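One structure below.
The values are calculated or read from the model by the stated rules, or taken from the named source; none is laboratory data. This structure is a prediction, so every number in the text was calculated from the model and none was measured. Note that each Cβ is placed from the backbone with ideal geometry, even for glycine, and that neighbours are counted across all protein chains shown.
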Amino acid sequence: MSYFVTGATGFIGHHLVARLLERGGMVYVLVRPQSKAKFEALKSVWGRRARRVIPIAGDLAEPNLGVSAADRKRLKGKISHMFHLAAVYDLKAGAEEQDEANVLGTDHALQFAANVKAGCFHLASSIAAAGQYRGTFREDMFEEATGLDHPYFRTKHESEALVRKRCKVPWRVYRPGIVVGHSETGEIDKVDGPYYFFKMIQKLRQTLPAWFPLIGFEGGYINMVPVNFVADAMDHLAHLDGHDGECFHLTDPRQRRVGEVLNLFAKSGHAPTMAFRLDPKLFEFIPGGVTKSMTHYKPLQQMIDTILRDLQMPKDVLRFSNWQTRFDSTQTQRLLDEAGIRVPQLEDYAWRLWDYWERHLDPDLSLDRSLAGAVRGKVVMITGGSSGIGLAAAERCVVAGARVIIVARDPEKLELARAQLADLGEVHVYACDIADLGACDEFASKVLDKFGGVDVLVNNAGRSIRRSIDLSYDRFHDFERTMQLNYFAAIRLTMNLLPSMLARGSGHVVNISSIGVLSNAPRFAGYVSSKAALEAWTRCAAAELADRGVTFTIINMPLVRTPMIAPTKIYDQMPVATPDEAADMVAEAIIDRPKRIATRLGLFSEMLHLAAPRVSEVMMNTAYKMFPDSAAAKGEAKDKPKDSKPTPEAAIFASLLRGVHW
């Protein structure tokens, strides 16, 4: 017995070929010039039996599949079963491409089958041939299909119509559900169908703990089957006598909602699940005119497009998330049960699909996640770069191949920094007090003239004043000078550089804020308020420029041992972060470009303040009384001995809440 298979190098095809080889006989496969390398690679998958797989040169787009007259003559009368699997299975494909592959390709396959007098023609159709029929679609139904306006649904329906009306040899049609990976290995060849939601699930896992309850959408029905079931079923059904002219639903008899399926994958990915799912019937009460006007509302469409682009999800996926068609497969299940072929339970293999995707198909795997990949050859400017966090971050960027610009006030410290970094790579230093707005403008102009623009700006320069409000009534200038450097200087420099970033359509601004903004640290009213202002400006700017290629990251930096905290001697006895740890956060911001980076303690402080502001306030007040003002804050010449060390209680408190400003 001999077989002829189109689409043999495809995902379903190479599994089906493996099953056919187990039956003995020759398997002829159509191979396009573009698929020769893939065919050669599959030989190792098929093993020793691959010698019985014979490639036949051809192309779907040509009459008789482009198979030469000599090959057609050689194969005439020898093909017992012809399987036509070659088609476009991709929601992102255009209508013209799908017409050529799915409709014209099937027409050419039927010509070939008639000319070689194939024993039986087997079409791998799809449940998409039913369109968006509302209700249960049976295996004996075809003309009843509705909602065929989408190119994929329409072309699958039309290709099946060709077989039913024009096939000159016996035929059988198979309608698989949405084909996912192998239930035992998770293997799949590309991202499609439910896999488009995996990036969303992954981002939720990165953002929220697994126990966090979500409110979601129940959605319509989704019918998925693993590729090994489809190959086993087609192989078995094709060889049963007495079933020509029939259609077989290769579907899961258990009807699942989209929300249920997404929860299974979320559990597999250790992400939060939808604890509450809204029934789609609720939306039927919304007048059609309202929903139609919303779909054409441009701002809403822009928001949806942005979210889908970030999730790497084609827009058509949303259209099918409320699919109401259910598929009856009673007859097929009866025939398969006799051979012990059953659809595996999704609960048993969902984790394999997730694991394979995350290890092999996650689009982010192809991205260079190193700092070098983010900054190599690019201009990176770091303010306050002569010491502390700025110098540590500058060293990372120089080593990574960036063209680093560091700016600070003290020429001597800048020269020491330049000498430290010069042997590592390209570094440029500028002495400038950016709090002097005129000097800031002049500095920015020089940089733009020399470099043409800045790719990454790290606004790190800052001033911190630890002084209680009780000691600040006659020191209003403390608030003015912290605001001048931490807020006005940062946004003045950013606004000088933004036009060139926008003109290029790319750029990234990293604004160093403080954990104090999240914890509302006492004694830091001047410092925290200036950083809060910077955060508010950053969020507004990010909203304005979201579609213009410039991104912003806020880092809520914990307390770091730098010269800025040196005057507060009590910090000498407390656990704080190192400049290298802070530089890690800056590197993460440059590589991943998240909206915010904060420690877990910082995020907990923010959530506590939002959920229980009184409790948060009492906790901060307790700390306020536990940690005294420094001698410097009191205006004394030096610390008194009793101020030099924290109390045992304070030391324990500081250790538990490492990184918080006290």
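Just a few scattered comments:
- So VAL429, is it in the same structural domain as ILE512 (by TED's automatic domain parsing) and either outside any helix (DSSP H, G or I) or among the aromatic types (Phe, Trp, Tyr) (or both): yes
- In the set (1) in contact (Cβ under 8 Å) with a residue 60 or more places away in the chain; (2) under 24 Å from ASP316 (Cβ atoms), ARG138 fails one condition alone, (2).
- Within segment 381-395, residues that are among the basic types (Lys, Arg) have Cβ atoms under 7 Å from residues that are in a helix (DSSP H, G or I) in no pair, counting only partners at least 6 apart in sequence or on another chain.
- Only residues that are hydrophobic (A, V, I, L, M, F, W, C) and either more than 17 Å from ALA130 (Cβ to Cβ) or without any contact (Cβ under 8 Å) to a residue 12 or more places away in the chain (or both) were counted across segment 231-251, and they come to 6.
- Once segment 146-186 is narrowed to residues that are in contact (Cβ under 8 Å) with a residue 24 or more places away in the chain and among the β-branched types (Val, Ile, Thr), the residue that is nearest to ALA124 (Cα to Cα) is VAL173.
- Test for ARG334: is it out of contact with any Ser or Thr (no Cβ under 6 Å at 6 or more places or on another chain), at pLDDT below 95 and either in a helix (DSSP H, G or I) or surrounded by fewer than 15 Cβ atoms within 10 Å (Cβ to Cβ) (or both): no
- Selection count where residues are part of a helix (DSSP H, G or I) and either buried (at least 19 other Cβ atoms within 10 Å of the Cβ) or more than 34 Å from the chain's Cα centre (by Cα) (or both), scope segment 1-39: 12
- Any strands (runs of 3 or more DSSP E) falling wholly within segment 40-125 and containing at least 3 residues that are of a type in the set (A, V, I, L, M) and assigned by TED's automatic domain parsing to the domain that holds ARG23: 53-57
- Residue among GLY438, GLY507, GLY526, GLY516 that alone is at positive phi and not basic (Lys, Arg): GLY507
- Subset of segment 373-391 (residues that are within 30 Å of the chain's Cα centre (by Cα), closer than 21 Å to ASP433 by Cα and surrounded by fewer than 24 Cβ atoms within 10 Å (Cβ to Cβ)): VAL379
- Members of segment 94-149 found to be among the polar types (S, T, N, Q) and touching a strand residue (DSSP E or B) at 6+ places or on another chain (Cβ under 7 Å), listed by number: THR106, SER125, SER126, GLN132, THR136, THR146
- Residue in segment 226-243 that is in contact with a helix residue (DSSP H, G or I) (Cβ under 8 Å, 6 or more places away or on another chain), surrounded by fewer than 20 Cβ atoms within 10 Å (Cβ to Cβ), in a loop (DSSP other than H, G, I, E, B) and modelled with pLDDT of 95 or more present: yes
Condition check ((1) small (Gly, Ala, Ser); (2) part of a strand (DSSP E or B); (3) under 30 Å from ASP364 (Cα atoms); (4) assigned by TED's automatic domain parsing to the domain that holds ASN556) across all residues:
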| site | (1), (2), (3), (4) |
| --- | --- |
| GLY385 | yes, no, no, yes |
| ALA392 | yes, no, yes, yes |
| VAL398 | no, no, yes, yes |
| LEU421 | no, no, no, yes |
| GLY425 | yes, no, yes, yes |
| ASP433 | no, no, no, yes |
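- Here PRO344, PRO411 are screened, and the one residue that is under 24 Å from VAL261 (Cα atoms) and either in the same structural domain as HIS508 (by TED's automatic domain parsing) or at pLDDT 95 or above (or both) is PRO344.
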